[in-house]
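Notes follow once the structure below has been shown.
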Amino acid sequence: MLDGKRLIITGVVTTDSIAFAVADRAQQLGADIILTAFPRDRTQTEVAARTLSRQPDIVNLDITQDDNIQAVTHYIRSKWGAVDGALHAIAYAPQAALAGDFLDASAADVNLAFQTSTYSYATLARMVKTLATPQGAAMVGLTFDAGAAWPVYNWMGVCKAGLEAVNRYLARDLGSCNIRANLIAAGPLHTRAAGGIPSFGRLTDAWDHQAPLPWNAHDAAPVADSTCFLLSDFSRATTGEVLHVDGGYHAMAAPLRQHQTSTATASELPGPASVQAPTSSRQQLLRAFRLLASHGIEARPAFGNDAAKARTDLRQAIRQQFTDADASYVFWSATDDRCFDEKGMLQQPLVLHYSNNDCADAIRHVLERKGLPVRDGSESLTLEVAPA
C-alpha cells in the first residue's frame with residue numbers, strides 16, 4: 001500500500017503515541033519514514049524509534065520556529081529530494097486551557113494552544129507543498145471530534161474545531177497541487193497527551209456505553225491503519241474529509257448501554273474481565289494494584305519506611321527495569337500500613353503516591369471501579385483512598 005512512499009511522521013514520543021503506531025504500520029506497508037522530535041522530547045523519541053523494524057532518521061522540529069522549519073525542509077530535500085506525505089500529530093495546551101473554568105483561560109494560554117495545535121497544521125502543509133512532487137502528496141492530521149462540546153477538553157476542543165476548518169481550507173488550496181488534506185477523528189486513546197487531560201476516564205466511559213463497536217482505548221492500530229489508507233494512493237480522490245475511527249460513537253444519538261455499577265473490572269483497561277469481591281480494603285487495593293501492574297503502571301504496596309524513601313527506591317528500581325525512567329508507578333509506603341485495622345479494613349485515609357499525571361486517571365478509575373472512594377491528596381502527585 002505504501003511501497004516507496006517517503007513520509008514525515010511528527011509526534012512520536014513514546015511507543016504509546018498514536019504517531020508511533022502509524023510509523024510502525026507505515027514501515028510494515030513499505031514506506032520510508034523520517035521522524036520529527038520536539039527537542040525536549042528527543043531522547044524519548046529515540047528510545048521509541050529503536051523498537052521500530054527499521055531505524056528511521058530523527059530530526060528536531062519545533063514547528064513554531066521558522067528557522068527550525070527551514071532547516072528541516074533543507075535536510076529532507078537533501079536526503080530524499082521530495083516527500084509523498086506527512087502525519088500531523090502535534091498538539092499542546094497549557095493546563096489552564098484544558099481544565100478549570102473555560103472562561104478563566106488567558107489569551108496567552110489559548111494563543112499558545114492554537115499556534116501549536118491548529119496553525120501548525122498549515123505550517124506543516126507549507127513544508128509538504130515545498131517538498132512535494134508534481135504527482136502530489138497526502139496530509140493527514142489527528143483530531144478529536146469537534147462537532148460538539150465535551151465535558152472535558154475545554155480550549156483544546158476549540159483548537160480541534162479550528163483544525164477541522166484548517167483542513168477544509170487546505171483541501172481547497174492544495175488540490176491544484178494534487179495534495180490531499182484529511183483528518184482522522186479517533187476515539188479516546190491512552191497516550192501521554194491523554195494523561196494531561198483532566199478526568200480523561202469520563203471519555204473512555206462514554207465510549208463504553210455509546211460506541212456500537214467495541215473500543216479499546218489502549219489499541220491505536222485501527223487509527224494507524226486508517227491513517228495509512230489516507231496516506232496511500234487508495235485515497236487519491238479523497239480530500240477535505242474527517243474520517244471517524246471511533247467505533248461508531250459519533251453516529252449514535254444516545255448511549256446504547258446502561259451505566260454499570262459493578263466494581264469488578266476497569267472498563268478502560270483491557271485485562272481480566274472480573275474478580276471475586278475482596279474481603280478487605282487491603283485486598284481490594286492489592287488486586288487493583290495487580291491489575292494496574294499488568295497494564296504498564298508499576299504498582300507496589302510498600303517500599304521503605306517512609307514515603308520519601310519509598311519514592312526514591314521505586315524510581316531506582318524502575319530505572320533498572322525500564323528504558324524509560326519516567327515509567328508510570330503508584331505505591332503506598334510501609335508506614336501507611338497503620339491505616340488498616342487488624343481485619344485489613346481502612347480506618348483512616350491512605351495516601352497513594354504516583355509518578356505523573358499520565359497514570360492518575362487510570363489509577364482513580366480502577367480503584368473506584370473496585371469500590372474504593374478516591375480523592376485528590378493534599379500533596380502534589382498523591383491520591384487518598386478514604387475509608388468506605
Exercise. Taking neighbour counts of Cβ atoms within 10 Å as a proxy for exposure, in what order, fewest first, do Cys159, Cys177 appear?
Worked result: Cys177, Cys159
For this session: Please go through the residue pairs Lys160/Lys370; Lys5/Lys160; Lys5/Lys129 and name each one whose alpha carbons sit more than 23 Å apart in this structure.
Result: Lys160/Lys370; Lys5/Lys160
For this session: With a cut-off of at most 13 other beta carbons within 10 Å, and DSSP calling the residue loop, which trypsin sites (Lys or Arg not before Pro) in the range 44-135 qualify? Please list them.
Result: Arg50, Arg54
Problem set entry | Local electrostatic count, Pro212, Cβ distance below 13 Å [Lys/Arg +1, Asp/Glu -1] | -1
Problem set entry | the range 158-256: translational diffusion in µm²/s, Stokes-Einstein, Kirkwood Rh over Cα pairs, 10 °C, 1.306 mPa s | 107
For this session: Would you please give the residues with an amide H less than 5 Å from that of Thr10, counting only those at least 5 places away or on a separate chain, with H modeled from the backbone geometry?
Result: Thr36, Leu87, Ala89
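Just so you know, all these numbers are worked out from the coordinates, no wet-lab data involved. No experiment lies behind these values; they were computed from the predicted model shown. Quick reminder, even Gly has a Cβ in these numbers, built from the backbone with ideal geometry, and neighbours come from all protein chains shown.
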